[in-house]
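Colleague: The structure that follows is given in the form of structure tokens.
The values are calculated or read from the model by the stated rules, or taken from the named source; none is laboratory data. Please read these numbers as outputs of a predicted model, since none were measured by experiment. All Cβ positions, even for glycine, are placed from backbone atoms using ideal geometry, and neighbour counts span all protein chains on display. Side chains included, ligands, DNA and RNA excluded: accessible areas come from the protein's heavy atoms. Shrake-Rupley method; radii C 1.70, N 1.55, O 1.52, S 1.80 Å.
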Amino acid sequence: MTAGRALPGAAAALVLVLLLLVIVRLPWAGDLGMHAATVERLRHSLLHPGNPLVDADTPSPYYSPWTLVLGVIAKATGLSVFVVLRIGALTGLALLVTGVWRYVRTLSGHPAAPALAVLCLLFLWGPLPLNWSGFLGLNSLALTVSYPSVFALGLSFHFWAWLTRALRADAGWRTWLGLGALWALILLVHQFSGVVASLGALAAVVAARPGRQALLRLGAGLLLGLAVLWAWPYYDFFALFSAGADLEAVHRPLYQHLPGRFGLVPLGLVALGLRGWRDRWDPLVIFFVLGAVVFAAGGVSGHYSWGRALPAALIPAQLAAALEAVSAGRRALRTAWACGLGVVLLVGAWAQVGTVGYVVGRAALPGVIAAKYRAPWAGYRWITPWVKYGDVVMARTFPARQIPAYGAYTVAPGYPDVFLADAGRRDEAVRRYFATGTSDGVRDAIVRKYGVRWVVGRSSDGVRDPGLRKVAQGPAGQTLYAVR
């Protein structure tokens, strides 16, 4: 029995060591450039940072309380933005692990429960890894560990633990006001994780069925949270509800390949069914139902961004699978469940074993593991000897997602921007500049309009602008040109 309790803890510790080593390497993929650019803008101007990607004075939802803290660290220490992001990654990972531990402790007192919960959150997915911020599969977490979403999810687990204890202990006004402020903080740090946090909180309240006095205090906390959201000076939080179709198109892939991505989660659904049979007011069951309803509604209505609420269904299923191994009725039943869970977790771990490559590199991996490894992005540090902070670079979408991390701007943002009114015109300007039949005069007008000093392109782009001078050659056939 002692060995059975120690094994989950040892396995979880080994995985956490792997993630710490990943932080040292900080593999680049996805939105890392956006978050690096945000910290870089705040380093230069804490009060008026402007748009993080393009040379425009607009607000941005990426200027959150967390990125503001990182910006202050960058400004005070002079550390590289990528070193600051590593500090953020360590903080977010620590907050996530301690948050899971605290929340699971409100559901089970078994010593092995928190470690099993960590393992299920990381490995109870499917044979096809899903890499997306706010989703806690091991491979996804390795690539997003420095993102605000990890920090926000860590806060969410602490929030649920604190809320659960407040509901059980008939907490006073100060506690409820603190919970309201924490709820707002999570929403400001990462809006989609804030939705997950809100659904988890609603599940806790419904499951507890609090009395009138607790509901009044809950209402006061909610009003304080709304006031904090309204008062945040860096962007209008409530304007995000009017996000356009671009956001929906980006999130449509969340509704694809569901069996491959979540093929192991049904074990958690069985566990939820058992918990619901024992207690129809079980908070994890209610949490799952809320998350599943929002996700399904997004798919039916075409609001694919609602798919970001899917962790609200996955997290309770994964936690339920872990808890059933320590809370099922008879010892024989618990042992059988633990053995089955162990096999499923091994399958899930094998599906994500390519994550090891972010520490040792592809060359060190055996062939069968290397096949599961997906190389991170190379970055654009090679342009920094020439391109300086604040310079404007003409580049297509993929490089535009990375170049601002080094302090430069691009003509068009590499990501949808709710607050950038001329984003469509900027996208069109980039398309026309790189189009084969565009005249030199049109290209020159675009360069003057947006103050372009540099162009990053490939030989296949077909740009033969006489106003360009080749400066440097980068990886994969890319070239840096200076505008004469």
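Colleague: With touching a strand residue (DSSP E or B) at 6+ places or on another chain (Cβ under 9 Å) and at negative phi as the only criterion, which of Val393, Val359, Val442, Val418 stands out?
Modeller: Step by step, each of Val393, Val359, Val442, Val418 is checked, and only Val393 is touching a strand residue (DSSP E or B) at 6+ places or on another chain (Cβ under 9 Å) and at negative phi.
Colleague: If you don't mind, there's one more thing I want to ask. Between a residue in the range 104-123 that is more than 18 Å from Thr164 (Cα to Cα) and any residue that is in a loop (DSSP other than H, G, I, E, B), which pairs come within a Cβ distance under 6 Å, given they are 6 or more apart or on different chains?
Modeller: Pairs found: Leu121/Leu136.
Colleague: Any residue at all in the range 130-146 that is farther than 17 Å from Gly33 by Cβ, open to solvent by 60 Å² or more (accessible area, probe 1.4 Å) and not β-branched (Val, Ile, Thr)?
Modeller: No, the range 130-146 has no match at all.
Colleague: Follow-up. How many residues are small (Gly, Ala, Ser), open to solvent by 40 Å² or more (accessible area, probe 1.4 Å) and within 27 Å of Trp281 (Cβ to Cβ) if we restrict to the range 198-248?
Modeller: Residues meeting the conditions: 2.
Colleague: Okay, next question. Scan the range 329-348 and tell me whether some residue there is of a type in the set (Ser, Thr, Tyr) and surrounded by fewer than 21 Cβ atoms within 10 Å (Cβ to Cβ).
Modeller: For the range 329-348, residues of a type in the set (Ser, Thr, Tyr) and surrounded by fewer than 21 Cβ atoms within 10 Å (Cβ to Cβ): present.
Colleague: Further question on the same structure: From the list Ala161, Ala181, Ala171, which one is surrounded by fewer than 23 Cβ atoms within 10 Å (Cβ to Cβ), assigned to a loop (DSSP other than H, G, I, E, B) and of a type in the set (Gly, Ala, Ser)?
Modeller: Ala171
Colleague: Tell me the residue from Leu96, Leu70, Leu90 that is open to solvent by 50 Å² or more (accessible area, probe 1.4 Å), in contact with a helix residue (DSSP H, G or I) (Cβ under 7 Å, 6 or more places away or on another chain), within 30 Å of Val17 (Cβ to Cβ) and not polar (S, T, N, Q), please.
Modeller: Among Leu96, Leu70, Leu90, only Leu90 is open to solvent by 50 Å² or more (accessible area, probe 1.4 Å), in contact with a helix residue (DSSP H, G or I) (Cβ under 7 Å, 6 or more places away or on another chain), within 30 Å of Val17 (Cβ to Cβ) and not polar (S, T, N, Q).
Colleague: Would you confirm whether any residue within the range 407-428 is within 30 Å of Arg362 (Cβ to Cβ) and modelled with pLDDT under 95?
Modeller: Scanning the range 407-428, I find at least one residue that is within 30 Å of Arg362 (Cβ to Cβ) and modelled with pLDDT under 95, so the answer is yes.
Colleague: Of all the helices (runs of 4 or more DSSP H) wholly in the range 258-319, which have at least 2 residues that are without any contact (Cβ under 8 Å) to a residue 60 or more places away in the chain and under 19 Å from Val343 (Cβ atoms)?
Modeller: Result: 266-278.
Colleague: So, in the range 375-396, of the ones that are touching a Gly at 6+ places or on another chain (Cβ under 9 Å) and either among the aromatic types (Phe, Trp, Tyr) or free of Cβ contacts under 8 Å to residues at least 24 places away in the same chain (or both), which residue ends up nearest to Leu138 (Cα to Cα)?
Modeller: The qualifying residue nearest to Leu138 (Cα to Cα) is Ala375.
Colleague: Out of the residues in the range 376-385 meeting the condition of being at pLDDT 90 or above and closer than 25 Å to Asp31 by Cβ, tell me which one is most open to solvent (accessible area, probe 1.4 Å).
Modeller: Going through the qualifying residues, I end up with Arg381.
Colleague: Here is a follow-up. Suppose we filter Gly437, Gly457, Gly467 for residues that are open to solvent by 40 Å² or more (accessible area, probe 1.4 Å), over 27 Å from the mean Cα position of the chain (by Cα) and farther than 27 Å from Pro61 by Cβ; which single one remains?
Modeller: Gly437
Colleague: Against the definition (under 18 Å from Val84 (Cβ atoms) and over 20 Å from the mean Cα position of the chain (by Cα)), how does Pro49 come out, yes or no?
Modeller: Spelling it out, Pro49 is indeed under 18 Å from Val84 (Cβ atoms) and over 20 Å from the mean Cα position of the chain (by Cα).
Colleague: Also: Select from the range 285-320 the residues that are of a type in the set (Val, Ile, Thr) and open to solvent by less than 10 Å² (accessible area, probe 1.4 Å) and list them in ascending order.
Modeller: Ile315
Colleague: I need the full set of residues from the range 51-67 which are open to solvent by 10 Å² or more (accessible area, probe 1.4 Å) and under 23 Å from Asp422 (Cα atoms), in order please.
Modeller: Within the range 51-67, Asp55, Ala56, Asp57, Thr58, Pro59, Pro61, Tyr62 meet the criteria.
Colleague: Looking at Arg431, Arg401, Arg425, which one is in contact (Cβ under 8 Å) with a residue 24 or more places away in the chain, farther than 21 Å from Arg484 by Cβ and out of contact with any Pro (no Cβ under 7 Å at 6 or more places or on another chain)?
Modeller: After applying the criteria, what remains is Arg401.
Colleague: Going by what's in this entry, would Leu274 be described as farther than 23 Å from Leu240 by Cβ and either open to solvent by less than 30 Å² (accessible area, probe 1.4 Å) or touching a helix residue (DSSP H, G or I) at 6+ places or on another chain (Cβ under 7 Å) (or both)?
Modeller: In short, yes.
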